[in-house]
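Asker: The following block contains the structure, expressed as structure tokens.
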Amino acid sequence: MIRSNPSRTALALCALIPALMTACAQDAPPPPAADPGPPAAATDAPAAAPTVTARLGPDSPFAEGAPPPSREPDVIYVPTPERVVDAMLNLARVREGDVLYDLGSGDGRIPIAAAQRFGVRAVGIDINPVRVREANANAEAAGVTDLVTFKEADLFQEDIGDASVVTLYLLQSLNVKLRPKLLAELRPGTRIVSHAFDMADQWTPEATQEVDGTRIYLWTVPER
């Protein structure tokens with residue numbers, strides 16, 4: 001009968017443990033791969049073109065019971081930031097005695113700011129009755145209803161000859177379309193300021209200014 005040596009047996013088992021662990025690890029199935037989630041958007045995809053707007057969402061408190069516009073608005077309404085509003089008024093050199101017309105006036109912030117800062121009379125024109133409702137409510141809240149008027153009208157049809165300052169936030173194509181009306185109806189010396197859009201090669205601005213990542217443009221109606 002052969003007797004085993006307990007000490008040698010223990011040492012042999014200890015030597016085998018690493019090999020057994022390695023073999024088990026090699027035979028075990030690999031862990032499931034983590035869910036990568038939806039594929040990432042391609043980085044070379046073209047950026048969406050910025051849009052300007054004149055419509056208002058159905059959740060607006062001013063939309064209830066409002067009639068539809070007389071025709072589809074030319075643009076969708078996007079508010080002009082307050083710092084840009086101030087820069088536009090400064091670039092236009094608004095001063096006491098001016099009459100400001102905002103064509104596509106949206107919520108009325110430019111005419112209201114002109115009335116508050118300079119005490120001038122201001123007129124906003126917008127084809128969307130919901131926007132006109134909102135603008136009138138904002139003028140009342142600002143306490144400038146004695147100076148500011150908002151008209152539901154087509155800016156291409158409305159008489160603007162009373163203006164000494166005109167502000168715009170439309171599109172380049174609309175500015176170009178509007179140019180003959182501006183030159184025909186506005187008096188020489190009237191200042192025109194546009195947010196974000198120029199008049200292509202139809203009318204070179206006399207001044208431009210960068211404000212918070214956007215650009216504003218200034219023209220002056222020349223002598224006839």
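The values are calculated or read from the model by the stated rules, or taken from the named source; none is laboratory data. Here the structure is a predicted model, which is why all the values come from computation and not from measurement. FYI the Cβ positions are ideal-geometry reconstructions off the backbone, even for glycines, and counts take in every protein chain you see.
Asker: Among what's in segment 53-100 and is at pLDDT below 95 and polar (S, T, N, Q), pick the residue that is nearest to I160 (Cα to Cα).
Answerer: Checked segment 53-100; the qualifying residue nearest to I160 (Cα to Cα) is S70.
Asker: Being among the polar types (S, T, N, Q), within 14 Å of Q172 (Cα to Cα) and free of Cβ contacts under 8 Å to residues at least 24 places away in the same chain is the filter here, so list the residues in segment 193-218 that pass it.
Answerer: Across segment 193-218, the qualifying residue is only T204.
Asker: Of all the residues that make up segment 170-192, how many are more than 13 Å from L89 (Cα to Cα) and touching a residue at least 40 places away in the same chain (Cβ under 8 Å)?
Answerer: 4
Asker: Which of the residues that make up segment 176-209 are within 18 Å of I110 (Cα to Cα) and either at pLDDT below 95 or within 17 Å of the chain's Cα centre (by Cα) (or both)?
Answerer: Of everything in segment 176-209, those that are within 18 Å of I110 (Cα to Cα) and either at pLDDT below 95 or within 17 Å of the chain's Cα centre (by Cα) (or both) turn out to be S194, H195, A196, F197.
Asker: Based on what the data block shows, is V221 without any contact (Cβ under 8 Å) to a residue 60 or more places away in the chain, in contact with a Gly (Cβ under 8 Å, 6 or more places away or on another chain) and crowded, with 18+ Cβ neighbours inside 10 Å?
Answerer: yes
Asker: For segment 159-198, give me the residue count where each residue is of a type in the set (D, E, K, R), under 23 Å from V120 (Cα atoms), touching a strand residue (DSSP E or B) at 6+ places or on another chain (Cβ under 7 Å) and surrounded by fewer than 17 Cβ atoms within 10 Å (Cβ to Cβ).
Answerer: Of the residues in that region, 1 qualify.
Asker: Still on this structure: Tally the residues that are buried (at least 17 other Cβ atoms within 10 Å of the Cβ), assigned to a loop (DSSP other than H, G, I, E, B) and over 20 Å from the mean Cα position of the chain (by Cα), restricting the search to segment 79-107.
Answerer: Qualifying residue count for the region: 3.
Asker: Every residue in segment 123-162 that is closer than 20 Å to V221 by Cβ and over 24 Å from the mean Cα position of the chain (by Cα), please.
Answerer: Once the filter is applied, which keeps residues that are closer than 20 Å to V221 by Cβ and over 24 Å from the mean Cα position of the chain (by Cα), segment 123-162 yields Q157, E158, D159, I160, G161, D162.
Asker: Residue under question is V123, and the condition is that it be touching a strand residue (DSSP E or B) at 6+ places or on another chain (Cβ under 8 Å) and without any contact (Cβ under 8 Å) to a residue 60 or more places away in the chain; does it hold?
Answerer: Here the answer is yes, as V123 does meet what is asked.
Asker: Just a yes or no: is a residue in segment 170-181 of a type in the set (V, I, T), out of contact with any His (no Cβ under 7 Å at 6 or more places or on another chain) and within 22 Å of V75 (Cβ to Cβ)?
Answerer: Looking for residues that are of a type in the set (V, I, T), out of contact with any His (no Cβ under 7 Å at 6 or more places or on another chain) and within 22 Å of V75 (Cβ to Cβ), one finds at least one in segment 170-181, hence yes.
Asker: Which residues, counting only those in segment 185-218, are of a type in the set (D, E) and assigned to a strand (DSSP E or B)?
Answerer: Correct list: E210 only.
Asker: Check whether at least one residue in segment 68-78 is out of contact with any helix residue (DSSP H, G or I) (no Cβ under 8 Å at 6 or more places or on another chain) and not in a loop (DSSP other than H, G, I, E, B), and report yes or no.
Answerer: Among the residues of segment 68-78, at least one is out of contact with any helix residue (DSSP H, G or I) (no Cβ under 8 Å at 6 or more places or on another chain) and not in a loop (DSSP other than H, G, I, E, B), which makes the answer yes.
Asker: Give all pairs with beta carbons closer than 7 Å in which a residue from segment 76-103 that is without any contact (Cβ under 8 Å) to a residue 60 or more places away in the chain meets a residue that is among the aromatic types (F, W, Y) and in a helix (DSSP H, G or I); count only pairs at least 6 apart in sequence or on separate chains.
Answerer: R95/F118; E96/F118
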